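This report refers to the structure that appears directly beneath it.
The values are calculated or read from the model by the stated rules, or taken from the named source; none is laboratory data. Computed from a predicted model, the values in this text were never measured in an experiment. Methodologically, a virtual Cβ is constructed for each residue, glycine included, from the backbone with ideal geometry; neighbour enumeration extends over all protein chains shown. Heavy atoms of the whole protein, side chains included, go into the accessibility calculation; ligands, DNA and RNA do not. Shrake-Rupley method; radii C 1.70, N 1.55, O 1.52, S 1.80 Å.
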Amino acid sequence: MSGQTMIEKILARGAGKKEVKPGDLVSVKVDLSLGNDITAPVAIKEFERLGLDRVFDPEKVVLVPDHFTPNRDIAAAEQALLVRRFAEKYGIRHYFEIGRMGIEHALLPEQGLVLPGQIIIGADSHTCTYGALGAFATGVGSTDLAAAMAIGEAWFKVPSTMRFIYEGELPPWVDGKDLILYTIGQIGVEGARYKAMAFCGPVIEKLPMDGRLTMANMAIEAGGKCGYMEPDAVTFSYLEGRTAQPYEPVYGDADAVYEQTLTFDVSRMEPQVAFPPAPDNTHPVSEAAGIKIDQVVIGSCTNGRLEDLRRAAAILKGRRVHPRVRLIIIPATQRIYRQAMAEGLMDIFVEAEAAISTPTCGPCLGGHMGILARGEKALATTNRNFVGRMGHPESEIFLCNPAVAAASAIAGEIVHPEEVMA
Amino acid sequence: MILEGKVWLFGDNVDTDAIIPARYLSATDPEELAAHCMEDINPDFAASVQAGDLLVAGSNFGCGSSREHAPLALKGAGVSCVIAKSFARIFYRNAINIGLPILECEAELSRILAPGELLRVDLSAGMIIRLSDGSRYQAAPFPTFMQEIIQQGGLIEYVRHRLKR
């Protein structure tokens, strides 16, 4: 018998089986289920149809109002209120209120709620982010969340796994965002549909947790069920001081079967830019040079972490945002916000004439805090550039890493960070 | 169950932002959502779609976000079934979970069919029949476990049964 991948082993353990293979349908015990102010209301409606007086395990439910919050309008306020009341009624301790919250996929790892070997579902497609810590984590719908809150289980088809090996040395200004954009560009928006994406190789071993989270976050943009890095020294040092809970890391067998292995040499990679209207429309930044932009957004569950803000600040320091451009910076959590203040990054941003927002998904999904008008172009460190995603259906979104975003905000058009730093 | 209806055609990679733009996600009522269904990629759809119409698309239908509002909007619009070459996985499970009929069919129906033509669909047999010329297309069968969810009327009913056991 051949070996199993990390994902197969985690799902086997969750299903109480010795082994599973791709294609098997399994019902697994869920360690954590997550909802937000958009998806939880639908889940709550479904959950209440069951007439239960308790959730399966209140410790295993996490609720984060982050999409249209701080409430953008009355309708959003009503949704947030519904979630807040549900959390109170069912004793959900991991409910994160405004002022304590963050964008869910930045917040949960930061709070030590995500552990290696866990099975995590979230009624949010970017739940796949947590694979960066060696968990099986995947996005589901609201009804799945309702069911998990009721019975603590979810059903899955065991995915086959595609392996991506990154070799060489990362050039300056190239980071995790570029690796994942490049990868999606290579395989397409459905290249990993229904599959697990294993990210490995010498480049990944050296990649800090922020970059790993960014990569796993966008597995869904290739259609992936999950993306992951096996736990290692970087993982364990990230977890230090964040959790007192015991956990059991899971590793793929040496003879695990991967459906496909792709190897990329990154040594000559340029920063990548995904052109509209899909994240697989990626080009080296040199091909985007000169595209004039109206708005730049640095933030989101993809790139709103401290390392991202530091990269942006290194470029913005002592410079000014182009007069024609609006730069919006959104630290992903309160803790990141405070740390950015302590490090002086906020001063740099304000002096550069950027607008700083409280944590929110906001403009990433065209919710609020930076909606585009007809014909406007945005450059964003977010994850999707579909038609109408950030506002008017005739606006356009280009995706990139935080350094390219910051440099381009100064130039008023898409540029390689080198050009601003020269 | 046998369905018969008029076809609406869509291409590949129809994402959930296209099916229901995020700006409308403060609503959860299917009919409210239906009023804005597909509005950024086909502004006529929401106003013209009729109960019982079928939606035929290419590959990776429903990619992008996990919003269940997408299949809810289609259901609210009266779409009786979505037929696609393939579905993005979260949309697929959402549709099964809420009881929106979907069929995965390898044939390039979104390229073969004309908008507005009539199809007959035998859901349990997974058979799609083009009424203009009688040509038949077989959809992929559902695994037994999913058939159970479908038969019980969605995931919540399935869970209700389990809790009773």
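Which count do you get for residues in region A:273-283 that are open to solvent by 30 Å² or more (accessible area, probe 1.4 Å) and of a type in the set (A, V, I, L, M, F, W, C)?
1
If you take the residues of region A:331-365 that are open to solvent by 10 Å² or more (accessible area, probe 1.4 Å) and part of a loop (DSSP other than H, G, I, E, B), which of them is farthest from the other protein chains (Cβ to nearest Cβ)?
My answer is A:Gly344.
Between B:Gly78, B:Gly5, which is in contact (Cβ under 8 Å) with a residue 60 or more places away in the chain and under 14 Å from the mean Cα position of the chain (by Cα)?
B:Gly5
I need the full set of residues from region A:50-81 which are in contact (Cβ under 8 Å) with a residue 12 or more places away in the chain, at the interface with chain B (Cβ under 9 Å from one of its Cβ atoms) and outside any loop (DSSP other than H, G, I, E, B), in order please.
Within region A:50-81, A:Ala76, A:Gln79 meet the criteria.
So A:Gly112 fits all but one of (1) within 14 Å of chain B (Cβ to nearest Cβ); (2) closer than 28 Å to A:Gly241 by Cβ; what number is the exception?
(1)
Sort out which residues of region A:284-317 are open to solvent by 50 Å² or more (accessible area, probe 1.4 Å) and in contact with a helix residue (DSSP H, G or I) (Cβ under 8 Å, 6 or more places away or on another chain), and write them in order of number.
A:Glu307, A:Arg310, A:Arg311, A:Ala314, A:Lys317
Among the residues of region B:48-92, count how many are open to solvent by less than 10 Å² (accessible area, probe 1.4 Å) and touching a His at 6+ places or on another chain (Cβ under 9 Å).
Looking only at that region, the number is 2.
Residues to consider are B:Gly99, B:Gly126, B:Gly134, B:Gly64; find the one that is more than 12 Å from chain A (Cβ to nearest Cβ) and closer than 30 Å to A:Ile151 by Cβ.
B:Gly126
Which condition breaks for A:Ile103 when tested against (1) out of contact with any strand residue (DSSP E or B) (no Cβ under 6 Å at 6 or more places or on another chain); (2) surrounded by 20 or more Cβ atoms within 10 Å (Cβ to Cβ); (3) over 12 Å from A:Asp66 (Cβ atoms)?
(3)
Could you tell me which of the residues B:Ile156, B:Ile150 is modelled with pLDDT of 95 or more, within 14 Å of chain A (Cβ to nearest Cβ) and on the phi < 0 side of the Ramachandran plot?
From the options B:Ile156, B:Ile150, the qualifying one is B:Ile156.
Those residues that are facing chain A (nearest Cβ under 9 Å), open to solvent by less than 10 Å² (accessible area, probe 1.4 Å) and not in a loop (DSSP other than H, G, I, E, B), I need them from region B:1-47; list them, please.
Within region B:1-47, B:Thr16, B:Asp17, B:Ala18, B:Ala22 meet the criteria.
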